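Participant: Below you will find the structure I want to go over with you.
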Amino acid sequence: MNNTNSLQYQLDNIIDLSMQVGALQAQRTYKMYGPQDAIIEHGLRETLYEKKQEVIEMTVRGVGALNTLTPTQLEYLYPPVLVEAWHWIKQHCRHYATTGYDTQTTEFLSKEDMEIAAKYIALLNKADMLVTVDFKQKPFFHKNFVVLNFGEKASMYYTKCKECHK
């Protein structure tokens, strides 16, 4: 089995599990949902999450997945809260075009938006999708950062500090 078939097999499994979870949600809507169904749904959701993580890892390792998955398909593999964080930061934080990358900043945000941005930036950083140094490992200007696209990880491009691991 080659890598492309393996990826297609994983994606087919994800779609099948998603349909099963959807069927259980429909049962809950029509009051045909018992305690055993809750256990089954929980197991299906865990398996679905694990399968998505496997595909993300295959994508990040460059198993040909980046050539076959659309940005929307890649986005689907991530948890909804991370997708929401990515879109919110991309829409609300000012962009500065620089050579080689597009930095963003939290400057000029209202106090309320700054609280939301801080939460989302921490989430993206935890997911290894946030970069705060340039290609020469120099820090960006204060409050500037780069949010990587789905399927990319900061640790692949930038070395982390050996002391603080940031």
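Just so it is clear, none of the values below were taken in a lab; they were calculated from the coordinates. Just so you know, these numbers come straight off a predicted model, no measurement behind them. In this analysis, Cβ positions are derived from the backbone assuming ideal geometry, glycine residues included, and neighbour counts consider all displayed protein chains.
Participant: Return the sequence-ordered ³J(HN,Hα) values of region 42-48 in whole Hz as given by the Karplus equation 6.51 cos²θ - 1.76 cosθ + 1.60 applied to θ = phi - 60°, using x for Gly and Pro.
Facilitator: Karplus-based 3J(HN,Hα) across region 42-48 equals 4, x, 5, 5, 5, 5, 4 Hz.
Participant: Can you flag which of 31/51; 52/153; 111/143 are past 19 Å Cα-Cα?
Facilitator: Beyond 19 Å between Cα atoms: 31/51.
Participant: Pop out the ³J(HN,Hα) list for region 90-97 in order, Karplus 6.51 cos²θ - 1.76 cosθ + 1.60 with θ = phi - 60°, rounded to Hz; leave Gly and Pro as x.
Facilitator: Values, residue by residue: 4, 8, 9, 8, 4, 9, 10, 6 Hz.
Participant: Order of 119-131, 81-93, 31-43, 12-24 by packing, highest average Cβ count within 10 Å first?
Facilitator: Packing proxy ranking, top to bottom: 119-131, 81-93, 12-24, 31-43.
Participant: Next question. Go ahead and run the numbers for FRET between residue 118 and residue 97, Cβ-Cβ distance against an R0 of 22 Å, rounding to 0.05.
Facilitator: Computed FRET efficiency for residue 118 and residue 97 comes out at 0.35.
Participant: Once label points are set 7 Å from the Cα along Cα→Cβ at both residue 33 and residue 128, what is their separation, rounded to one decimal in nm?
Facilitator: Roughly 3.4 nm, to one decimal.
Participant: Please list, ordered by chain and number, the residues whose modelled amide H lies under 5 Å from the amide H of residue 101; skip anything fewer than 5 residues away on the same chain.
Facilitator: none
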